[in-house]
């Protein structure tokens, strides 16, 4: 989410028998196209935050009733996955510029 709007998503998958999704532990990352409910859920998570982050990664997992749940609201992310959606870098640059041009 950049500027409170959905830009792109990935799906992290742990290797069989593990829970860790990092590639150092055998996990993998795939491009992912979220459905409207997932995007709305992510937007609502940001709205519930007391802050308005320029960038946020909203990690969604599904509970035992197959309902989306917030796993993590990541505001400091070392991997922004711009290689999956290069235009997001431009969106982020615009949002950062707004901070300094008020």
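Where residues in region 23-50 are part of a loop (DSSP other than H, G, I, E, B) and without any contact (Cβ under 8 Å) to a residue 12 or more places away in the chain, which of them is nearest to residue 84 (Cα to Cα)? For region 23-50, the residue satisfying everything is 35. Taking region 58-68 as the range and being in contact with a helix residue (DSSP H, G or I) (Cβ under 9 Å, 6 or more places away or on another chain) and within 16 Å of residue 21 (Cβ to Cβ) as the test, the residues that pass are 58, 60. Report, by residue number, each residue of region 63-75 that is modelled with pLDDT of 95 or more and not in a loop (DSSP other than H, G, I, E, B). Correct list: 68, 69, 70. Within region 82-94, the set of residues being closer than 26 Å to residue 19 by Cβ and either free of Cβ contacts under 8 Å to residues at least 12 places away in the same chain or assigned to a loop (DSSP other than H, G, I, E, B) (or both) comprises 83 only. Cβ-Cβ contacts under 9 Å between residues 6 or more apart (or on different chains), taken from a first residue in region 55-73 that is surrounded by fewer than 11 Cβ atoms within 10 Å (Cβ to Cβ) to a second residue that is modelled with pLDDT of 95 or more and part of a loop (DSSP other than H, G, I, E, B), are absent. Residue selection: residue 79 satisfies the criterion of being loosely packed, with under 14 Cβ neighbours inside 10 Å, without any contact (Cβ under 8 Å) to a residue 24 or more places away in the chain and under 11 Å from the mean Cα position of the chain (by Cα).
The values are calculated or read from the model by the stated rules, or taken from the named source; none is laboratory data. In this text the structure is predicted, and so the values were computed from the model without any measurement. Note that each Cβ is placed from the backbone with ideal geometry, even for glycine, and that neighbours are counted across all protein chains shown.
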